[in-house]
Ligand SMILES: [Fe+2]
Ligand SMILES: [Fe+2]
């Protein structure tokens, strides 16, 4: 089976000025695409040849895990954005955030801090636990919460490639910008 | 002892076209500068104040993550700036070349092994040429770890390191890390690497 790079539901310049067109060209067109191609090459002739990404994330190791998780993570990340979505959670999603973190502002602050302090490359996640409560977790490199049985709701890529062309060393500025392009209709539907 | 951000022996533009001036300036003043400040914060008022980094690294697994990450970040970049040189196109000679030939078969083989180590780091990290029990080895570490740390899988004296965090090359090379690694071979200060080997 060949894995495929999903088409984005917006143009590469649609998230500007928060994320520039050049960033999307490389991040989606090169990095995300390379993970897809690497994975397709690596699974050939293995037991993961016809596996779904979720199975790869739960069971694979090494390069197959890294590339499989990175394909899933980037798709999840890019599909959480839109140029004109709802910028705040509503309904049950908002209730769950208020219940777990006190308020949307307190959640943003805690998530932003987790993203700013993750050392090296990785992902920060908002996840739903079995009891429906929400939690923020940091994962390094390709780390994906499905592997530990948690349900991903939202993610922020803090590999330097996600923000270096726009923000260089200023990761906190990237995280501030991140809140302006989230589509909470999409994110709430995951919840 | 307070750790200080070292001055470079060359201008930010001196390594062009292999590493651009903007990358050098941000890398030195912002990234290395932040490691320096955070390292000083991390050890201030602790039992580690006044100790050398080499000593601290020996038992780094017993110290807080802030010391490991920022101590490594401070030390590794110090070494990196030293083993880079604007005199492009040189190659190792003398005892260092003999040691490279002995451990790797040839200078070409060594370049291949080191380049592969650098290209295969997944995420952020460093590739190293290490002197270990009289032998030379090409290896890598994640994030800001280094071969002097007790957590390193290959321990020894680092003679040469290549930063493969994306910040080291993204403005010029973006996703093309192999191009950055190929460029690196043009700006290695082999006299400095040899000095460290003979020490
Ligand atoms: Fe990414
Ligand atoms: Fe660096």
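Go ahead and estimate [θ] at 222 nm for chain A from helices alone: -39,500 (n - 2.57) per DSSP H run with n ≥ 4, summed, over the residue count, rounded to 500. Present the calculation step by step, with values, prior to reporting the outcome.
Values: 9 runs with 85 residues, N = 191.
Calculated at 222 nm, the ellipticity per residue is -13000 deg cm²/dmol.
Per DSSP helix of 4 or more residues, -39500 (n - 2.57); summed, then divided by the residues of chain B. What does that give at 222 nm, rounded to the nearest 500? Walk me through the numbers on the way to the answer.
On the way: 9 runs with 85 residues, N = 199.
Result for chain B, helices only: -12500 deg cm²/dmol.
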Taking chain A as the reference, fit the longest principal axis to its C-alpha atoms, fit the long axis of helix A:33-43 to the helix C-alpha atoms, and give the angle between the two in degrees, 0 to 90, nearest 10.
-> 40 degrees
According to the square roots a ≥ b ≥ c of the eigenvalues of the Cα gyration tensor, what is the shape class of the stretch B:3-80, taking rounded for a/c under 1.5, prolate for a/b larger than b/c otherwise, and oblate for the remainder?
-> prolate
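Let me confirm one metric for peptide A:159-169, namely the mean number of other chain beta-carbon atoms within 10 Å of its residues' beta-carbons. Working shown, then result.
Values: counts 5, 9, 5, 1, 2, 9, 3, 0, 0, 9, 8.
Whole-number average of other-chain Cβ neighbours for A:159-169 is 5.
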Between the stretch B:18-83 and the stretch B:147-199, how many Å separate their Cα centres?
-> 16 Å
Among A:18, A:167, A:65, the residue with the largest mean-square fluctuation in a Gaussian network model of chain A built from Cα contacts under 10 Å is A:167
Take the alpha-carbon positions of the stretch A:91-189, form their convex hull, and give its projected area averaged over all directions (one quarter of the hull surface) in nm².
-> 6.2 nm²
Which angle from 0 to 90°, rounded to the nearest 10, does the C-alpha axis of helix A:62-78 make with the longest principal axis of chain A?
-> 40 degrees
Expressed as a whole number of Å, what is the distance separating the alpha-carbon centroids of the stretch B:109-131 and the stretch A:73-89?
-> 36 Å
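Could you calculate the FRET efficiency of residue A:54 with residue B:49 from 1/(1 + (r/R0)^6), where r is the beta carbon distance between them and R0 is 41 Å, rounded to 0.05?
Details: r = 49 Å, r/R0 = 1.19.
Efficiency for this residue pair is about 0.25.
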Ratio of Rg to Rh over chain A (Cα coordinates, Kirkwood Rh, two decimals) = 0.95
Cα pair distances of chain B binned at 5 Å [whole percent] | 1, 8, 16, 21, 21, 17, 11, 5, 1, 0
Helix A:91-101: angle to the longest alpha-carbon principal axis of chain A, degrees 0 to 90, nearest 10?
-> 80 degrees
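Please give the average number of partner chain Cβ atoms lying within 10 Å of the Cβ of each residue in B:165-172, rounded to a whole number. Spell out each step's value before the answer.
Details: counts 5, 8, 5, 1, 2, 8, 3, 0.
Other-chain Cβ atoms within 10 Å of each residue's Cβ, averaged: 4.
Using mean Cβ contacts within 10 Å as the protection proxy, how do A:151-164, A:25-38, A:79-92 order, highest first?
Numbers: A:151-164: 22.6, A:25-38: 18.3, A:79-92: 14.9.
Top to bottom by mean Cβ count within 10 Å: A:151-164, A:25-38, A:79-92.
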Rounded Å value of the spacing that divides the Cα centres of the stretch A:1-53 and the stretch A:120-169 = 17 Å
Once you wrap a convex hull around the alpha carbon atoms of the stretch A:21-78, what is its projected area averaged over all directions, in nm²?
-> 3.7 nm²
Just need the Rg to Rh number for the protein assembly as shown, please, alpha carbons only, Kirkwood Rh.
-> 0.99
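Bear in mind that the values in this text are calculations on the coordinates, not laboratory data. In this text the structure is predicted, and so the values were computed from the model without any measurement. Here the Cβ is made from the backbone with ideal geometry for all residues, glycine too, and neighbour counts use every protein chain on show.
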